[in-house]
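The values are calculated or read from the model by the stated rules, or taken from the named source; none is laboratory data. Nothing here was measured: the structure is a model prediction, and the numbers come from that model. Cβ placement follows ideal geometry from the backbone for every residue including glycine, while neighbour counts extend to all protein chains displayed. All accessible areas refer to the heavy atoms of the entire protein, side chains included, with ligands and DNA or RNA removed. Shrake-Rupley method; radii C 1.70, N 1.55, O 1.52, S 1.80 Å.
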Amino acid sequence: MTVVASCVGVLLLFAWFTPSKALYFHIGETEKKCFIEEIPDETMVIGKYRTQLWDKQTGSFLPATPGLGMHVEIKDPDTKVILSRQYGSDGRFTFTSHTPGEHQICLHSNSTKMALFAGGKLRVHLDIQVGEHTNNYPEIAAKDKLTELQLRVRQLLDQVEQIQKEQNYQRYREERFRMTSESTNQRVLWWSIAQTVILIITAIWQMRHLKSFFEAKKLV
């Protein structure tokens, strides 16, 4: 019963972490699209994309011409550019995170150089793979001559390693949140103390001012 519960727990963890995302979006000729991806440190990320150009005659999206390029720019949580490169209409980019946190992935086309795309619409299919999902296991099995069981064990080890990285990243986020909360509470405390001191000083000044006023009027 304990073994079954442990297996269910591991499967739930695997279901919780889904480091592979595929989507598509539309951009104009001067438009720039950015995405935020939370990535643990020392994690490989692979992005694949393909573009389709809107064709007015057919009223549908067709594969883009080879001359149409996409510029990919990636920034780490410290807004440091870790990748900035021009690719073709279909491309693949790779980078490894060295700082845990939110990474910004931006894409835009070089369509201003092409009259074909002027005023048109471009559809970009983007697939982002993180962690063990970047591994080509059939290629690894062929290279290292692994059996099916050995390959499955390798996959499980990679998944466990990725889960550990995710857990470390969650602890890192919790630590940052705790530090932010403590800093905020400390500022609120000092602000309350400052308000109290100001009120006391104001009250003392008012009392002395009233006393001086009454003495000047010979009321006391």
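Against the definition (touching a strand residue (DSSP E or B) at 6+ places or on another chain (Cβ under 9 Å), open to solvent by less than 100 Å² (accessible area, probe 1.4 Å) and under 27 Å from residue 23 (Cα atoms)), how does residue 162 come out, yes or no?
Working: touching a strand residue (DSSP E or B) at 6+ places or on another chain (Cβ under 9 Å): yes; open to solvent by less than 100 Å² (accessible area, probe 1.4 Å): yes; under 27 Å from residue 23 (Cα atoms): yes.
Judged against the criteria, residue 162 is a match.
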Would you confirm, using the coordinates I've provided, whether residue 143 is exposed (fewer than 13 other Cβ atoms within 10 Å of the Cβ), part of a helix (DSSP H, G or I) and either at pLDDT below 90 or not hydrophobic (A, V, I, L, M, F, W, C) (or both)?
yes
Looking at (1) loosely packed, with under 10 Cβ neighbours inside 10 Å; (2) assigned by the TED database to the domain that holds residue 46, which is the only condition residue 130 fails?
(1)
Which numbered condition trips up residue 201, out of (1) open to solvent by 100 Å² or more (accessible area, probe 1.4 Å); (2) touching a His at 6+ places or on another chain (Cβ under 8 Å)?
(2)
Can you tell me how many residues in segment 49-70 are open to solvent by 40 Å² or more (accessible area, probe 1.4 Å) and more than 15 Å from residue 123 (Cβ to Cβ)?
3
How many of the residues in segment 33-48 are over 11 Å from residue 129 (Cβ atoms), open to solvent by 60 Å² or more (accessible area, probe 1.4 Å) and among the aliphatic types (A, V, I, L, M)?
1
Filter segment 165-198 for residues that are within 33 Å of the chain's Cα centre (by Cα), open to solvent by less than 90 Å² (accessible area, probe 1.4 Å) and farther than 19 Å from residue 41 by Cβ and give the result.
180, 181, 183, 184, 188
What single numbered condition from (1) at pLDDT 85 or above; (2) open to solvent by 20 Å² or more (accessible area, probe 1.4 Å) fails to hold for residue 95?
(2)
Taking only pairs six or more apart or across chains, which ones have beta-carbon atoms under 8 Å, a first residue in segment 132-143 that is within 16 Å of residue 48 (Cβ to Cβ), and a second residue that is open to solvent by 80 Å² or more (accessible area, probe 1.4 Å) and at pLDDT 75 or above?
134/44
Report yes if residue 90 is modelled with pLDDT of 85 or more, open to solvent by 70 Å² or more (accessible area, probe 1.4 Å), of a type in the set (D, E, K, R) and over 25 Å from residue 42 (Cβ atoms), otherwise no.
yes
Report, by residue number, each residue of segment 71-111 that is under 18 Å from residue 122 (Cβ atoms) and within 14 Å of the chain's Cα centre (by Cα).
73, 105, 106
Report yes if residue 74 is open to solvent by less than 40 Å² (accessible area, probe 1.4 Å), of a type in the set (Val, Ile, Thr), modelled with pLDDT of 90 or more and closer than 28 Å to residue 158 by Cβ, otherwise no.
yes
